[in-house]
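The values are calculated or read from the model by the stated rules, or taken from the named source; none is laboratory data. Predicted model only: the values in this text are computed from it and were never measured. For neighbour counting, all protein chains shown are included, and Cβ atoms are generated from backbone atoms with ideal geometry for every residue, glycine included. Only protein heavy atoms, including side chains, enter the accessible area calculation; ligands, DNA and RNA are left aside. Shrake-Rupley method; radii C 1.70, N 1.55, O 1.52, S 1.80 Å.
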Amino acid sequence: MADAALTVMRSWSVQAVLADFTLPAPGLTGVAEQWPHIGQLLDGLGFVSRRSEQVLLADVSDLPADVREDLTILRTLGECGTRFTALADGREAGYVEIDTTVNGAGRLSAPTGWADVGNLHVTESMRRQGVGSALLATAAQWLRLARADRLLAYTELDESDLVSFLKRSGFRIVTTNRRAWVQTTPVQPGVS
């Protein structure tokens with residue numbers, strides 16, 4: 001079946017063949033390690049995954065609870081949802097964005113009470129000083145008010161410091177997804 005699809009695409013003279021396994025459900029952003037048969041099929045067809053990410057999950061009740069008293073945390077609208085910005089002496093020390101639309105309409109699987117970390121960043125000079133923990137604690141308070149009890153986070157495989165921080169903060173790795181599949185066999189117009 002997959003061979004037939006590639007034959008049809010070649011007959012259309014496409015420039016590239018991509019495969020995307022992002023599903024409308026939390027945490028399913030590619031071919032999960034629990035689906036090795038799908039990865040093997042794509043590998044066998046000459047596809048290459050150009051990106052992998054780890055998916056981490058936390059129970060909101062396991063997130064840090066302490067907020068640093070010397071930080072001011074502002075809540076605004078961010079790129080990926082509600083943004084909490086930590087200010088130290090009036091300067092940005094870091095931010096986290098939380099997307100609660102994981103439960104939104106149009107999802108095939110819509111568990112209630114789930115949210116995503118859209119962005120998490122702490123200024124280099126402020127790292128390992130409790131800023132990230134304070135941001136997660138503030139986000140946890142907000143999520144409890146929104147009746148969200150699960151929080152997903154995503155990391156690239158080379159972000160070991162971020163993974164360590166998230167694990168210390170109550171997250172667990174639940175899977176690794178291979179993403180951005182590209183068919184590397186040259187596609188020749190009209191050749192099947």
**Message:** Regarding region 32-49, can at least one residue be identified that is over 27 Å from Val163 (Cα atoms) and either of a type in the set (Lys, Arg) or in contact with a Lys or Arg (Cβ under 6 Å, 6 or more places away or on another chain) (or both)?
**Reply:** no
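Among the residues of region 10-49, which ones are among the small types (Gly, Ala, Ser) and either over 22 Å from Asp99 (Cα atoms) or open to solvent by 40 Å² or more (accessible area, probe 1.4 Å) (or both)? So that I can check it myself, show each step before the final result.
Step one: of region 10-49, the residues among the small types (Gly, Ala, Ser) are 11, 13, 16, 19, 25, 27, 30, 32, 39, 44, 46, 49.
Scanning region 10-49 gives Ser11, Ser13, Ala16, Ala19, Gly39, Gly44, Gly46, Ser49.
Per-residue answers, yes or no, for (1) among the acidic types (Asp, Glu); (2) modelled with pLDDT of 95 or more; (3) within 21 Å of Thr29 (Cβ to Cβ):
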residue	(1), (2), (3)
Glu92	yes, yes, no
Asp116	yes, no, yes
Leu135	no, yes, no
Ala139	no, yes, yes
Leu151	no, yes, yes
Ser164	no, yes, no
Arg168	no, yes, no
Ala180	no, no, yes
**Of all residues making up region 80-99, the number that are open to solvent by less than 30 Å² (accessible area, probe 1.4 Å) and not hydroxyl-bearing (Ser, Thr, Tyr)** = 9
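Taking the residues in region 50-79 that are among the acidic types (Asp, Glu) and under 16 Å from Ala134 (Cα atoms) as candidates, determine which candidate is most open to solvent (accessible area, probe 1.4 Å). Break it down stepwise before answering.
Applying the first criterion (among the acidic types (Asp, Glu)) to region 50-79 yields 53, 59, 62, 66, 69-70, 79.
With the extra rule that they be under 16 Å from Ala134 (Cα atoms), the set shrinks to 62, 66, 69-70.
Numbers: Asp62: 75, Asp66: 125, Glu69: 174, Asp70: 97 Å².
Only one residue fits best here, namely Glu69.
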**Prompt:** Within region 83-104, is there a residue that is closer than 29 Å to Asp158 by Cα, touching a residue at least 60 places away in the same chain (Cβ under 8 Å) and in a strand (DSSP E or B)?
**Reply:** no
